[in-house]
Amino acid sequence: MSLLERPRESTPAPRGGRKRAVLLGRAPQDTPAGFWTYLFLAVSALFAAFPLYWMFVISTSTDEATSQLPPVVLPGDQFLVNLDEVFSLQDVYFAASLVNSVIVSGVVTASVLFFCSLAGFAFAKLRFRGSKPLMLFVILTLTVPNQLGVVALYIVMGKLGWNGTLLAVIVPGLVTAFGVFYMRQFIVNTVPDELVESARVDGATTMRIYWNIVLPAVRPALAVLGLLTFVATWNDFQWPLITLNGTDYPTSMVAISDLASGNYVIYRRVLAGAFVATLPLLVVLIIGGRRIVRGIMEGAVKS
Amino acid sequence: MSTTRAAPEPATRRPRPASGRSLTWRDRLHRFDARYMPYLMIAPFFLLFFVFGLFPMIFNGVVALRHWRLDEPDLTGWAGFENFSRLFTDSDFGNALYNTFGIFLLSTVPQLLLALIIASMLNRRLRAQTWWRVSALLPYITPITASTLVFNVFFSRDFGMANWGLGLFGIGTENPIDWRADKLHSWIAIATMVNWKWIGYNALLYLAAMQSIPRDVYEASALDGAGPWRQLWRITVPMIRPVVIFTVVLSTIGGLQLFTEPMLFDLNAQTARGGAGGEWQTVAQLIYKVGWKDLNLGYAAAMSWALFLIILVVAALNTLLTNRISGGRK
């Protein structure tokens, strides 16, 4: 994108009654937001927060909350009762599913951080034959819709004997193309070549440089990648459903869908479960919201 | 950035032992380190990608050409193009395709337009700027399973908030809308969920691009008499075109693979029917049903390939179309 690409039509003839245009000679980011902007944004924020809030309201209420009008708007006091019901359901394994989700998301996140920063470092700062085409290959794999291979993946997992175990959902996610790409971009820009080189002259091995120089320098990027990976892994539904459904090892997303199946669904119970399974992510957003925002926005400009 | 890469000496130029002398352990280590370490470092990605990414994709093609049923392991052998030709006469597949495109249209267009408007508002000088941005991500981090179940209550026929809200405006007070009874209403309900999830995320992508537009472009246009709305369409959108195209491609790939929302919108979620008459069954859902409820993996694999090709074509078409609309004439 450059200034030269700017479209020719952007110079319409000045029209009458547009005197205030002179006042708008500022770029949007220098124009203070007016009342209507705040109102619109506030409505949007309410719209964004509403389902979460209402999830909480219903999970703290009795059955009547979902069978009365006008709807209830304030939380009730039944949260622990509903929660107790969810946790004591026999075939859902809700408590175990939370543990499973923590294991899966935790292992995947840790592994993605390690392997992606390692590969990203190699692609960014080390010279080896084929590094450019190999990096191109990584970028190309980003565009492949992963659902295409789900049937065959199931067969592969079957041969390995991993279907129905956590390995089936952990192993394919241990290192991602997006992570490698993201770390490479960051390392190229933030780790000075001189630093890597002087460490080499001092006799440091590649792994030592990675550990002592690269890792400390890329902490902000690791935080963003870690948060994004954790959220994505925790929320993953389709593949866990395929491989884990009906087993004793569901992830929390599979367990929730199990709660919502059957001929009569009790929503205060379902949503109590859903709320508990959403809590870790709310914590993630509260802790790392700014970083995630920055990470997504940086990624957008580079792409 | 590649210019800075010329600076360091190639890693292979380690001090070498004088010829004739045997290599010390340390020299060997360094030689190994310089030559092979980079490959070891990138190996995990390639290994995993080949085993769990590339191989399944290719193998999927093989499965699609064979008889492969989970309930009849003995039934093997080549099916030829039987699984593929069946697609053309399968009314379930046609119906699922129709639903997928219907929901896709109802979700993508409003989603990206609203994201654009919200982004242009976030692009103003705001108080509590970070707070507004983080709140835009609330839906993005919420599990789709959880939010869909809330929307189920929202869209319930008798006591749903959607009908109650419409009733305040006098709509459907006599006959409340049954959101699961027909295609259009179920599509709207599901599209609402998709929009809710992705508007904020796309808005942040647009916002990032908007902030890299040079300020003087706006100054010039304002002197020419362009108001904010005109500026948005005549300057901002054409200048962030690459990101707009990126989001269109992303939402095409995501939208045509829609799975979780239609799955859980069903009151009996795990049947994967998408409504009593398949009113909102999407292709991804049908693949799941054919593969793991009807246990016909061969046919499900063929369907995946068909979906993949459709996604490719539609993504390419949408890229062209977006390029046109957002101001790229050539």
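Greater than 28 Å separation of Cα atoms is the criterion. Which listed pairs, A:Lys159/B:Lys293; A:Lys125/B:Lys197; B:Lys183/B:Lys289, meet it?
From the list (A:Lys159/B:Lys293; A:Lys125/B:Lys197; B:Lys183/B:Lys289), the Cα-Cα distance tops 28 Å for A:Lys125/B:Lys197.
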Please work out whether region B:36-147 counts as rounded, prolate or oblate from its C-alpha gyration tensor, where a ≥ b ≥ c are the square roots of the eigenvalues and a/c under 1.5 means rounded, while otherwise a/b larger than b/c means prolate and anything else oblate?
oblate
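Helix-derived [θ] at 222 nm for chain B: sum -39500 (n - 2.57) over DSSP H runs of at least 4, divide by residue count, nearest 500?
Details: 15 runs with 204 residues, N = 330.
One gets -20000 deg cm²/dmol as the mean residue ellipticity at 222 nm.
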Which whole-number percentage describes the relative contact order of chain B, with Cα contacts under 8 Å and a sequence gap of 6 or more?
24 percent
Please compute the contact order of chain A in relative form: average sequence separation of alpha-carbon pairs under 8 Å and at least six residues apart, divided by the residue count, as a percent.
28 percent
Rounded to one decimal in nm, the spacing of the 7 Å Cα→Cβ label points at A:Phe47 and B:Val62 is 4.9 nm
Mind checking which of A:Trp239, A:Gln185, A:Phe56 is farthest towards the positive end of the protein assembly as shown's charge dipole, using Cβ charges of +1 (Lys, Arg) and -1 (Asp, Glu) about the Cα centre?
A:Gln185
I need the P(r) histogram for region A:103-209: all alpha carbon pairs, bin width 5 Å from 0 out to the longest distance, whole percents.
2, 11, 16, 18, 18, 13, 10, 6, 4, 2, 0
Which of B:Leu138, B:Trp229, B:Ser251, positive extreme of dipole for the protein assembly as shown (C-beta unit charges)
B:Trp229
Which of the three applies to the protein assembly as shown, rounded, prolate or oblate, going by the alpha-carbon gyration tensor with a ≥ b ≥ c and a/c under 1.5 meaning rounded?
oblate
Packing-based exposure ordering (other Cβ within 10 Å, fewest first) of B:Lys197, B:Lys293
B:Lys293, B:Lys197
So what is the diffusion coefficient of chain A in µm² per second by Stokes-Einstein at 4 °C and 1.567 mPa s, using a Kirkwood Rh over Cα pairs?
55 µm²/s
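Treating only the Cβ of Lys, Arg, Asp and Glu as charged (+1, +1, -1, -1), what charge dipole size does region B:83-325 show about its Cα centre? Round to the nearest 20 debye.
Roughly 700 debye, rounded to the nearest 20.
Computed from the mean reciprocal separation of all distinct C-alpha pairs, what Kirkwood hydrodynamic radius does chain B have, in Å? Numbers along the way, then the final one.
On the way: mean 1/r = 0.0413 Å⁻¹.
For chain B, inverting the mean 1/r across all distinct Cα pairs yields 24.2 Å.
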Starting with the fewest neighbours, write out B:Ile325, A:Ile187, B:Ile188, A:Ile58 ranked by other beta-carbon atoms found within 10 Å of each beta-carbon.
B:Ile325, B:Ile188, A:Ile187, A:Ile58
To the nearest 0.05, what FRET efficiency results for A:Asp63 and A:Ser88 with a Förster distance of 25 Å applied to their C-beta separation?
0.90
So for region B:81-159, using the alpha carbon gyration tensor with a ≥ b ≥ c as root eigenvalues (a/c under 1.5 gives rounded; past that, a/b versus b/c decides prolate or oblate), I'd call it prolate
Which distance in Å, rounded to a whole number, links the C-alpha centroids of region A:23-82 and region B:277-330?
33 Å
Which of B:Ala208, B:Ala220, B:Ala315 fluctuates most in a GNM of chain B (C-alpha springs under 10 Å)? That residue is B:Ala220
Farthest toward positive dipole pole in region B:83-325 [+1 Lys/Arg, -1 Asp/Glu at C-beta], among B:Ile117, B:Asn99, B:Val313
B:Ile117
Quick one: B:Asp178, B:Asp216, fewest Cβ neighbours within 10 Å first, how do they rank?
B:Asp216, B:Asp178
Run the dipole for the protein assembly as shown about the Cα centre, Lys and Arg Cβ at +1, Asp and Glu Cβ at -1, nothing else charged, and hand back the magnitude in debye, nearest 20.
3400 debye
Can you compute the helix-only [θ] at 222 nm over chain A? Use -39500 (n - 2.57) per DSSP H run of at least 4 residues, normalise by all residues, nearest 500 deg cm²/dmol.
-20500 deg cm²/dmol
Could you check which residue among B:Tyr288, B:Tyr39, B:Tyr218 shows the biggest mean-square fluctuation in a GNM of chain B with a 10 Å Cα cutoff?
B:Tyr39
In percent, what relative contact order does region A:113-242 have, based on Cα pairs under 8 Å that are 6 or more apart in sequence?
39 percent
What is the Cα centroid distance between region A:165-183 and region B:132-169, reported in whole angstrom?
31 Å
Give me the dipole magnitude in Debye, nearest 20, for region A:125-246 about the Cα centre, with unit charges on the beta carbon: positive for Lys and Arg, negative for Asp and Glu.
260 debye
GNM flexibility winner over chain B from B:Leu295, B:Leu166, B:Leu307 (Cα, springs under 10 Å):
B:Leu166
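May I ask you to give the average projected area over all directions of the convex hull of the Cα atoms of region B:256-330, in nm² rounded to one decimal?
On the way: hull surface 24.0 nm².
Quarter of the Cα hull surface area: 6.0 nm².
Where a number appears in this text, it was derived from the coordinates with a stated rule and is not lab data. It should be emphasised that the depicted structure is a prediction, and the values quoted were computed from it without experimental measurement. Note that each Cβ is placed from the backbone with ideal geometry, even for glycine, and that neighbours are counted across all protein chains shown.
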